[in-house]
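The numbers here are math on the coordinates, done by the rules we state, and not lab data. Model, not experiment: these values are computed from the prediction. For neighbour counting, all protein chains shown are included, and Cβ atoms are generated from backbone atoms with ideal geometry for every residue, glycine included.
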Amino acid sequence: MSPVFRSTVLVRFKHCDAAGIVFYPRYFEMLNDLIEDWFSEALGWPFDAMHGEGHAGVPTAELECRFLPPRRRGGGLPGERRVLRVGHPSFPPAILFAGPNDDPRMEVTQRLVCVDTGSIAPQPLPDAVREAMSSYLVATA
């Protein structure tokens, strides 16, 4: 089985609506935080280096999500990410946010594209990042 990058977000008051459940747009902020953590902690290409001297970014080109039972305030919201395929400029990660008993709360398939921040044209991922990313590939049958 391929490695999984895991990070837990504390579900705070600011993430919730008047009913006390996570307001769905906040999941997208948490998703971006998970991506940023993954690049920094697992891939060795933190966003400050990527956007600074790397003159690169990884904007979202496609996003598909499925919301499952709502999540209430308090406690952690574990996030997991795997990679479905590693292309040269683009890669589709699969993300899962879970509840307190590891029950799925939001499933996401996303396609990120590595771009030059000056021209916004697609560019290849650095070889070291592609190699690190490849270790998170989901095994296909």
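Remarks
- Vicinal HN-Hα couplings computed from phi for segment 120-133 (Karplus, 6.51 cos²θ - 1.76 cosθ + 1.60; Hz; Gly/Pro x): 6, 8, x, 9, x, 5, x, 3, 5, 6, 4, 5, 5, 5
- Residues listed by number, segment 37-54, amide nitrogen under 20 Å from D127 label point at 7 Å toward C-beta: 43-46, 50, 54
- Amide H contacts under 5 Å for A56: H51, T117, restricted to partners 5 or more places along the chain or on a different chain, H placed in the peptide plane at 1.01 Å from N.
- Globularity index of the chain, i.e. its alpha-carbon radius of gyration over 2.2 N^0.38 Å: 1.08
- Scalar couplings 3J(HN,Hα) for segment 62-70, obtained by applying the Karplus form with A = 6.51, B = -1.76, C = 1.60 to θ = phi - 60°, are 9, 8, 10, 9, 10, 8, 10, x, x Hz; x denotes Gly and Pro.
- Positive-end residue, the chain charge dipole about Cα centroid, Cβ charges, pick of A49, L10, P59: L10
- Distances between placed amide hydrogens fall under 5 Å for L68 paired with M106, E107, all partners being 5 or more residues away or on another chain.
- Modelled spin labels at E80 and K14, positioned 7 Å past Cα toward Cβ, are 2.8 nm from each other.
- Rounded to 10°, Cα long-axis angle of helix 24-37 versus longest principal axis of the chain: 40 degrees
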